[in-house]
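Chemist: Pasting a structure below so you can have a look.
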Amino acid sequence: MKVLLVGDGARENALADALANSPKGYRVFAVSSYVNPGIKEAVERTGGTYYIGKPTDPESVRQVIKAVNPDFGVIGPEDPLFNGVADEFRKEGIPVVGASKNCSTIEKSKVWMRELMWKYGIPGRLRFRAFSSVEEAAEFIKEYGGSVAVKPAEQVGGKGVKVVADLQAYLSKEKRIALSKGVSAIGSYAKGSVKIIIEEKVDGPEYTLHVLSDGNVTLPLPLAQDYKHAYLHSIGPETGGMGSISGPGKLLPFITDEEYERSYDIVRRTIQAIEDTFKEKYVGVISGQMMLTGLWGPTIIEYYSRLGDPEASAIIPRIKSDFGEVLELTATGHLAKAKLEVEEAPSVVRAVAPRGYPLNKEMASNKRIWLDLPKMRELGCKVYFGSVALEGNSLVTKGSRALELVAVQPFEEADKTLNKCFSLVSSEIPLIYRRDIGITIAEQVEKAEIVRFTYKNREARGLLGVSADWSPQGGLW
Ligand SMILES: Nc1ncnc2c1ncn2[C@@H]1O[C@H](COP(=O)(O)OP(=O)(O)O)[C@@H](O)[C@H]1O
Ligand SMILES: [Mg+2]
């Protein structure tokens with residue numbers, strides 16, 4: 001059978017590997033915007049063809065679909081989904097793992113997502129206000145007394161474009177003014193008619209639950225957590241994710257089985273709400289980017305309409321059963337037949353990025369990078385290639401996270417393995433690599449215990465999700 005994979009990063013490298021390693025013997029075809037060496041290897045090993053095109057452009061992908069005539073497709077990133085690439089596959093009669101343009105609104109519009117959660121009364125929802133102008137949003141912040149998170153209303157590639165005010169803003173005039181300046185900065189990223197969303201601020205450990213949906217049946221994957229900040233100790237600008245952890249088992253050390261089930265229930269209800277709204281099946285991946293909070297327990301921060309990157313690199317290598325086949329069953333509506341066996345051992349992923357990432361793309365681009373892949377593999381490390389192109393015989397950075405190093409091992413062991421592997425990577429530019437990923441577990445367990453105590457108490461008193469802040473209008477907003 002032929003499968004066509006769309007996308008070019010480390011997540012797609014992980015997907016390509018899963019498909020290429022399947023006992024079902026798929027021939028892997030792919031379309032990327034540059035030659036990703038990991039995807040190239042999977043394509044060549046299985047006798048497929050590697051197309052260089054525009055994964056985000058439906059027309060460019062349609063031509064590849066026509067040329068390959070695959071039995072099914074798998075779409076990695078969000079932009080192709082937002083642009084209707086999944087719909088192109090379906091128009092050609094090809095089943096695909098990928099949300100339709102409509103269904104991907106759950107990720108694209110944070111306002112639409114919040115409205116949906118309120119309309120359907122889904123637990124884990126936060127109070128919010130949407131604004132069509134930066135001035136209005138800034139005005140609101142000046143008046144409002146609580147703590148808020150301020151974001152562009154639409155996905156703009158995330159990454160450092162929001163302000164989270166963990167200040168009781170009304171205490172100081174200067175802080176309010178600083179925050180309204182932050183809103184103007186966000187305004188420059190905002191698109192569409194609704195520009196800014198302001199949400200009540202919550203606190204607690206974050207985690208991700210990915211769920212596969214074939215339109216009838218859903219299948220939850222093991223939890224993962226990503227580390228967003230650029231530098232050690234979670235400081236520095238927000239990035240697409242500098243690494244992640246998953247496990248042990250289907251959980252994380254700071255999330256209980258009951259919390260996993262509640263999170264799954266939230267995501268399932270959301271899938272139903274999306275399907276009900278569009279009268280369309282949700283076929284693909286949806287992931288709840290969640291926080292365990294004192295307000296609700298499992299709470300939705302945002303949704304993805306695809307696998308997270310680097311979360312996928314932590315999860316996929318832990319799946320012992322045939323994940324390639326699970327993807328086929330998702331695309332074709334037979335997910336009920338899928339088996340998902342997960343390794344008990346956890347995994348740790350650490351990304352390697354060139355200096356300059358994420359704020360200075362030019363500095364981080366076009367730098368040569370070298371690695372001793374056989375030795376790294378020998379040490380027990382998996383390497384997924386991300387934003388790095390094979391140009392002739394050289395690996396050249398493309399401005400984002402170049403590599404993701406993965407170890408499926410107990411956390412302390414993984415730390416040692418990954419550090420050894422990282423010492424086998426070199427570049428003409430200094431590299432960013434977070435050595436603390438996977439070793440700050442105790443802190444997160446502690447943080448979770450605090451919020452767990454709070455939400456359990458609230459629940460006992462029937463106050464789950466109930467909150468009120470001071471506002472000049474009085475009461476709830
Ligand atoms: N309502 C909120 N309360 C507290 N922190 C938040 C809230 N919303 C977002 N954050 C923080 O900001 C980060 C980015 O916000 P998110 O909505 O995920 O936007 P992005 O599209 O940039 O990923 C989250 O991972 C979380 O740490
Ligand atoms: Mg996010």
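Chemist: Could you tell me how many of the residues in the range 268-293 are under 25 Å from Phe72 (Cα atoms) and among the hydrophobic types (A, V, I, L, M, F, W, C)?
Modeler: So the answer is 6.
Let's see how each residue does on (1) under 25 Å from Ala414 (Cβ atoms); (2) assigned to a helix (DSSP H, G or I); (3) in contact (Cβ under 8 Å) with a residue 12 or more places away in the chain; (4) not assigned by TED's automatic domain parsing to the domain that holds Arg11:
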| residue | (1), (2), (3), (4) |
| --- | --- |
| Gly324 | yes, yes, yes, yes |
| Leu327 | no, yes, yes, yes |
| Leu340 | yes, no, yes, yes |
| Glu344 | yes, no, yes, yes |
| Arg350 | yes, no, yes, yes |
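Chemist: List every residue pair whose Cβ atoms lie under 7 Å apart, where the two residues are 6 or more positions apart in sequence or sit on different chains, the first residue falls within the range 212-230 and is of a type in the set (Gly, Ala, Ser), and the second residue, located anywhere, is at pLDDT below 95.
Modeler: Partner pairs satisfying both residue conditions: Ala230/Gly236; Ala230/Pro237; Ala230/Thr239; Ala230/Pro358.
Chemist: Of everything in the range 219-256, what is more than 16 Å from ligand 1 (Cβ to nearest atom) and of a type in the set (Ser, Thr, Tyr)? Give them in sequence order.
Modeler: Ser246, Thr256
Chemist: Tell me which residues, restricted to the range 24-47, are in a loop (DSSP other than H, G, I, E, B) and either in the same structural domain as Ala312 (by TED's automatic domain parsing) or closer than 23 Å to Arg368 by Cα (or both). Working first, answer last.
Modeler: Restricting attention to the range 24-47, the residues satisfying the condition of being in a loop (DSSP other than H, G, I, E, B) are 24-26, 33-36, 46-47.
If the condition is that a residue be in a loop (DSSP other than H, G, I, E, B) and either in the same structural domain as Ala312 (by TED's automatic domain parsing) or closer than 23 Å to Arg368 by Cα (or both), then Ser33, Tyr34, Val35, Asn36 are the ones that fit.
Chemist: Here's a follow-up. Filtering the range 128-148 down to residues that are touching an Asp or Glu at 6+ places or on another chain (Cβ under 8 Å) and at pLDDT below 85, which residue is farthest from ligand 2 (Cβ to nearest atom)?
Modeler: So, considering only residues that are touching an Asp or Glu at 6+ places or on another chain (Cβ under 8 Å) and at pLDDT below 85, the one farthest from ligand 2 (Cβ to nearest atom) is Gly145.
Chemist: Six or more apart or on different chains, Cβ under 6 Å: which pairs go from a residue in the range 454-477 that's surrounded by 15 or more Cβ atoms within 10 Å (Cβ to Cβ) and of a type in the set (A, V, I, L, M, F, W, C) to one that's at pLDDT 95 or above and not in a loop (DSSP other than H, G, I, E, B)? Could you list them?
Modeler: Leu464/Arg458
Chemist: Read through the list (1) crowded, with 23+ Cβ neighbours inside 10 Å; (2) in a strand (DSSP E or B); (3) within 16 Å of ligand 2 (Cβ to nearest atom); (4) not hydroxyl-bearing (Ser, Thr, Tyr), then give the number of the only condition that Ile245 fails.
Modeler: All conditions are met except number (3).
Chemist: Please work out if Thr239 is in the same structural domain as Lys337 (by TED's automatic domain parsing) and either modelled with pLDDT of 95 or more or surrounded by fewer than 24 Cβ atoms within 10 Å (Cβ to Cβ) (or both).
Modeler: Details: in the same structural domain as Lys337 (by TED's automatic domain parsing): yes; either modelled with pLDDT of 95 or more or surrounded by fewer than 24 Cβ atoms within 10 Å (Cβ to Cβ) (or both): no.
Spelling it out, it is not the case that Thr239 is in the same structural domain as Lys337 (by TED's automatic domain parsing) and either modelled with pLDDT of 95 or more or surrounded by fewer than 24 Cβ atoms within 10 Å (Cβ to Cβ) (or both).
Chemist: Based on what the data block shows, is Met291 of a type in the set (A, V, I, L, M, F, W, C), more than 13 Å from the chain's Cα centre (by Cα), within 14 Å of ligand 1 (Cβ to nearest atom) and part of a strand (DSSP E or B)? Spell out the reasoning first.
Modeler: Details: of a type in the set (A, V, I, L, M, F, W, C): yes; more than 13 Å from the chain's Cα centre (by Cα): yes; within 14 Å of ligand 1 (Cβ to nearest atom): yes; part of a strand (DSSP E or B): yes.
It is true that Met291 is of a type in the set (A, V, I, L, M, F, W, C), more than 13 Å from the chain's Cα centre (by Cα), within 14 Å of ligand 1 (Cβ to nearest atom) and part of a strand (DSSP E or B).
Chemist: So which residues in the range 24-75 are surrounded by fewer than 22 Cβ atoms within 10 Å (Cβ to Cβ), of a type in the set (Gly, Ala, Ser) and more than 26 Å from Lys320 (Cβ to Cβ)?
Modeler: Within the range 24-75, Ser33, Gly53, Ser60, Ala67 qualify.
Listed here are the residues, each with its yes/no results for (1) within 16 Å of ligand 2 (Cβ to nearest atom); (2) under 21 Å from Ser347 (Cα atoms).
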{"residue": "Thr277", "(1), (2)": "no, no"}
{"residue": "Lys281", "(1), (2)": "no, no"}
{"residue": "Ser287", "(1), (2)": "yes, yes"}
{"residue": "Gly297", "(1), (2)": "no, no"}
{"residue": "Glu302", "(1), (2)": "yes, no"}
{"residue": "Ala312", "(1), (2)": "yes, yes"}
{"residue": "Ile316", "(1), (2)": "no, yes"}
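Chemist: Does the range 378-394 contain at least one residue that is assigned to a helix (DSSP H, G or I) and in the same structural domain as Pro298 (by TED's automatic domain parsing)?
Modeler: Narrowing the range 378-394 to residues assigned to a helix (DSSP H, G or I): 378.
Subsequent filtering for residues that are in the same structural domain as Pro298 (by TED's automatic domain parsing) retains 378.
Within the range 378-394, one or more residues are assigned to a helix (DSSP H, G or I) and in the same structural domain as Pro298 (by TED's automatic domain parsing).
Chemist: Okay, moving on. Taking the conditions exactly as written (surrounded by 23 or more Cβ atoms within 10 Å (Cβ to Cβ), closer than 21 Å to Leu405 by Cα and in the same structural domain as Arg62 (by TED's automatic domain parsing)), does Asn21 satisfy them or not? Full working, then the answer.
Modeler: Working: surrounded by 23 or more Cβ atoms within 10 Å (Cβ to Cβ): no; closer than 21 Å to Leu405 by Cα: yes; in the same structural domain as Arg62 (by TED's automatic domain parsing): yes.
When the stated conditions are applied, Asn21 does not pass them.
Chemist: For Cys421, work out the one condition from (1) surrounded by fewer than 20 Cβ atoms within 10 Å (Cβ to Cβ); (2) over 24 Å from Pro237 (Cβ atoms) it doesn't fulfil.
Modeler: For Cys421, the failing item is (1).
Chemist: Taking Val74, is it touching a Ser or Thr at 6+ places or on another chain (Cβ under 6 Å), of a type in the set (Val, Ile, Thr) and either part of a loop (DSSP other than H, G, I, E, B) or over 25 Å from Asn366 (Cβ atoms) (or both)?
Modeler: Working: touching a Ser or Thr at 6+ places or on another chain (Cβ under 6 Å): no; of a type in the set (Val, Ile, Thr): yes; either part of a loop (DSSP other than H, G, I, E, B) or over 25 Å from Asn366 (Cβ atoms) (or both): yes.
Judged against the criteria, Val74 is not a match.
Chemist: What are the residues in the range 254-263 that are surrounded by 17 or more Cβ atoms within 10 Å (Cβ to Cβ) and not charged (D, E, K, R), if any?
Modeler: The answer is Phe254, Ile255, Tyr260, Ser263.
Chemist: Among residues belonging to the range 297-332 that are aliphatic (A, V, I, L, M) and closer than 30 Å to Tyr455 by Cα, point out the one that is nearest to ligand 1 (Cβ to nearest atom).
Modeler: Step one: filter the range 297-332 for residues aliphatic (A, V, I, L, M), giving 300-301, 307, 312, 314-316, 319, 326-327, 329, 331.
From what is left, the residues that are closer than 30 Å to Tyr455 by Cα are 300-301, 307, 312, 314-315.
Numbers: Ile300: 9, Ile301: 5, Leu307: 15, Ala312: 16, Ala314: 16, Ile315: 18 Å.
Selected residue: Ile301.
Chemist: Out of Lys181, Lys173, Lys162, I need the residue that is modelled with pLDDT under 80 and within 13 Å of ligand 1 (Cβ to nearest atom). Which one?
Modeler: From the options Lys181, Lys173, Lys162, the qualifying one is Lys162.
Chemist: Answer yes or no as to whether Ile122 is more than 16 Å from ligand 2 (Cβ to nearest atom), in contact with a strand residue (DSSP E or B) (Cβ under 9 Å, 6 or more places away or on another chain), within 29 Å of Thr293 (Cα to Cα) and among the β-branched types (Val, Ile, Thr). Quick ask: steps written out before the conclusion?
Modeler: Details: more than 16 Å from ligand 2 (Cβ to nearest atom): yes; in contact with a strand residue (DSSP E or B) (Cβ under 9 Å, 6 or more places away or on another chain): yes; within 29 Å of Thr293 (Cα to Cα): yes; among the β-branched types (Val, Ile, Thr): yes.
Taking the combined requirement at face value, the residue satisfies it.
Chemist: Please determine whether any residue of the range 49-66 is touching a residue at least 12 places away in the same chain (Cβ under 8 Å), in a strand (DSSP E or B) and in contact with a helix residue (DSSP H, G or I) (Cβ under 6 Å, 6 or more places away or on another chain).
Modeler: The answer is yes; a qualifying residue exists.
The values are calculated or read from the model by the stated rules, or taken from the named source; none is laboratory data. Treat the numbers as computed from the prediction; the structure is a model and nothing was measured. Reconstructed Cβ throughout: ideal geometry from the backbone, glycine too, with neighbour counts over all protein chains shown.
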